[in-house]
1. Being at pLDDT 90 or above and β-branched (Val, Ile, Thr) is the filter here; which residues of the stretch 21-76 pass it?
2. Do you know which residues across the stretch 130-147 are within 14 Å of Arg111 (Cβ to Cβ) and among the hydrophobic types (A, V, I, L, M, F, W, C)?
3. Any idea how many residues of the stretch 23-44 are closer than 30 Å to Arg220 by Cβ and open to solvent by 10 Å² or more (accessible area, probe 1.4 Å)?
4. Only residues in the stretch 67-93 that are touching a residue at least 60 places away in the same chain (Cβ under 8 Å) and hydroxyl-bearing (Ser, Thr, Tyr) count as the first member; pair them with residues that are part of a helix (DSSP H, G or I) and open to solvent by 30 Å² or more (accessible area, probe 1.4 Å), Cβ under 6 angstrom, at least 6 apart or cross-chain, and list the lot.
5. Could you list, in sequence order, all residues of the stretch 163-210 that are in a helix (DSSP H, G or I), in contact (Cβ under 8 Å) with a residue 24 or more places away in the chain, open to solvent by 30 Å² or more (accessible area, probe 1.4 Å) and farther than 30 Å from Ala46 by Cβ?
Amino acid sequence: MGAVLIPEWASEPCIMGIDEAGRGPVLGPMVYGCLYCPLSYQQTLASLNFADSKTLKEEKREELFENLKSDPSLGWGVDVIDPRDLSAKMLQREKINLNEISHNSAMGLVRRVLDLGVFLTEVYVDTVGDADKYREKLSARFPGVKFVVSKKADSLYPVVSGASIVAKVTRDRSLRDWVLDETAQNITRNFGSGYPGDPDTKAWLEKNKHLLFGFPSLVRFSWGTCTPYFKDCIQVLWECDKDEEEGSTASNGKKQLKLSSVGFTGYKRKIEDIESSGKGRCKFFQTRKLELVTKFG
């Protein structure tokens, strides 16, 4: 969070804006930002020249961010979601899609500001998905707060414009200062904007893919953009069990997304190979239909 001390005005009715930066890129984190202030400061807020961060040059965003940080009548906070976390959540057994990740991040920011002791009465949010359903979801979680959810909220409400600046500058700085774990590969930082259509980003992905380990940790490997780059990669053999051999299904009845669908490939082994690896069930138990028992009646 940007503010850790309880502001003097925290007990007054307050408004809050929430917006994100980095939802679409294939590289780097997604950042959710918030800005909050007393309701009585709303008119002054409108005169601070905040605007949708996408319409501002980098220098202007940096200037406005420093200004809001030094303003005693404003509070701010961020939630930085690592690209590895994004991919892991979207590919895990119980998958979490990008909209739900976004909703959870926004609700986390509201909870953290409330826990600071700030008396939030109104929260303005740039919508993700259906605006009415999103508003109902937020209102159900925080019944004492009025939520306004709309498209282009960062252009309509100064408090959301301020939040968009917080999110965008934080993401830009995160990318600029990103420490690549894969230092042995001499990876360059000329990755462009990180958006899938950027020629510099495409060239960087092609140059920095590893035939065995895939992409550097900066890359959201769950993005469909990455799939074509895996066609020449080394086949990877994954641990298997009975359910996977038969085609596993999630508990909700939906077919589970396999890693092969995002570029990782494998091949079927003979049962003897599986047994010898220690990762499959021995044929002795399979033919006798013996199962592991952990409790006795």
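The values are calculated or read from the model by the stated rules, or taken from the named source; none is laboratory data. This is a predicted model, so every value here is computed, not measured. Don't worry about glycine lacking a Cβ; one is built from the backbone with ideal geometry, like all the others, and counts go over all protein chains shown. Heads up: the accessible areas ignore ligands, DNA and RNA and are worked out on the full protein's heavy atoms, side chains in. Shrake-Rupley method; radii C 1.70, N 1.55, O 1.52, S 1.80 Å.
1. Once the filter is applied, which keeps residues that are at pLDDT 90 or above and β-branched (Val, Ile, Thr), the stretch 21-76 yields Val26, Val31, Thr44.
2. Selection gives Leu138, Ala140, Phe142, Val145, Phe147.
3. Applying the first criterion (closer than 30 Å to Arg220 by Cβ) to the stretch 23-44 yields 23-36.
If we keep only those that are open to solvent by 10 Å² or more (accessible area, probe 1.4 Å) as well, we get 23-24.
Number satisfying all stated conditions: 2.
4. Ser73/Tyr41
5. If the condition is that a residue be in a helix (DSSP H, G or I), in contact (Cβ under 8 Å) with a residue 24 or more places away in the chain, open to solvent by 30 Å² or more (accessible area, probe 1.4 Å) and farther than 30 Å from Ala46 by Cβ, then Gln185 is the only one that fits.
Residues checked against (1) in a helix (DSSP H, G or I); (2) under 23 Å from Gly129 (Cβ atoms); (3) among the hydrophobic types (A, V, I, L, M, F, W, C); (4) under 11 Å from the mean Cα position of the chain (by Cα):
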| site | (1), (2), (3), (4) |
| --- | --- |
| Leu5 | no, no, yes, no |
| Glu12 | no, no, no, no |
| Gln43 | yes, no, no, no |
| Asn49 | no, no, no, no |
| Glu59 | yes, no, no, no |
| Pro72 | no, no, no, no |
| Asp79 | no, yes, no, yes |
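Residue-by-condition table, conditions (1) under 13 Å from Tyr32 (Cβ atoms); (2) assigned to a strand (DSSP E or B); (3) out of contact with any His (no Cβ under 7 Å at 6 or more places or on another chain); (4) without any contact (Cβ under 8 Å) to a residue 24 or more places away in the chain:
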{"site": "Leu114", "(1), (2), (3), (4)": "no, no, yes, no"}
{"site": "Gly117", "(1), (2), (3), (4)": "no, no, yes, no"}
{"site": "Glu122", "(1), (2), (3), (4)": "no, yes, yes, no"}
{"site": "Arg135", "(1), (2), (3), (4)": "no, no, yes, yes"}
{"site": "Val148", "(1), (2), (3), (4)": "no, yes, yes, no"}
